[in-house]
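A quick write-up on the structure given underneath.
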Amino acid sequence: GQNIDQPTEMTATEGAIVQINCTYQTSGFNGLFWYQQHAGEAPTFLSYNVLDGLEEKGRFSSFLSRSKGYSYLLLKELQMKDSASYLCAVSPKAFNKFYFGSGTKLNVKP
Amino acid sequence: ETGVTQTPRHLVMGMTNKKSLKCEQHLGHNAMYWYKQSAKKPLELMFVYNFKEQTENNSVPSRFSPECPNSSHLFLHLHTLQPEDSALYLCASSQESPNQPQHFGDGTRLSIL
């Protein structure tokens, strides 16, 4: 079966840095996506990794190690609006099929 | 505004009712998806359509019946649902390409009485 693991909940302070981990075991790998979902809203795309290494996009960065089945999302200079759930999703086949983790709820405190 | 619109946003129905969820995308994508999101559980892929053809049915009970009349519209017809079917139902669309992300609608919050 497919297995995607993320911590359930994390808390961090405004202005700090937080790292949200995702480990996966899937039959095949064709990319890993991170999404942000605010309560009551649609998940929105944050980043995509298919090769090992770090992808940086402003305050958000995502890292991938395919040999370890591991990714993390790094959020810098945290803001209150970053309080949301962060979903890790893996595409095991070429496209059009995705497996999601349960999501990590991030609470940002003043 | 994500470019994917779902209606209704909320739906309460009895177990014997028949209702339909609607999804429309304005992004020119050729793949559309239905997901179920329950509290504390991963998003569960239900159905995938590519160019109006169903390419994935993830062992979904027959009380859920999808319909995709064209690449922009997707329906989920519901009948004789069970209380455990109460959840957020999300529609998404994407281009049929390996590195293309999915764009999600805001979902329909479904409650079965």
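Where a number appears in this text, it was derived from the coordinates with a stated rule and is not lab data. Since the structure is predicted, the reported quantities are computational estimates derived from the model, not experimental observations. Ideal geometry is used to build each Cβ from the backbone, glycine not excepted, and the neighbour counts take in all protein chains shown.
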Rel. contact order, % - alpha carbon contacts under 8 angstrom, at least six apart, chain A:
37
Do any chymotrypsin sites (Phe, Trp or Tyr not before Pro) in segment B:17-62 lie in a DSSP loop with no more than 12 other beta carbon atoms within 10 Å, and if so, which?
B:Phe51
Over all pairs of distinct alpha carbons, what does the Kirkwood formula give as the hydrodynamic radius of segment A:69-109, in Å?
12.1
Which residue, B:Ser38, B:Ser93, B:Ser71, tops the fluctuation ranking in a GNM of chain B built on C-alpha contacts under 10 Å?
B:Ser38
Share of Cα-Cα pairs in the protein assembly as shown lying beyond 25 Å, as whole percent
40
Please report the relative contact order for segment A:55-110, taking Cα pairs under 8 Å with a sequence separation of at least 6, and give it as a percent rounded to a whole number.
27
In terms of the Cα gyration tensor, with a ≥ b ≥ c the square roots of its eigenvalues, is chain A rounded because a/c is under 1.5, prolate because a/b exceeds b/c, or oblate?
prolate
Among DSSP bridges having both ends in the protein assembly as shown, what percentage is antiparallel? Round to the nearest 5.
90
Going by Cβ distance under 4.7 Å, what cysteines of chain B have no possible disulfide partner?
B:Cys68
Kirkwood-type radius of chain B, with distances r between different C-alpha atoms, in Å
14.0
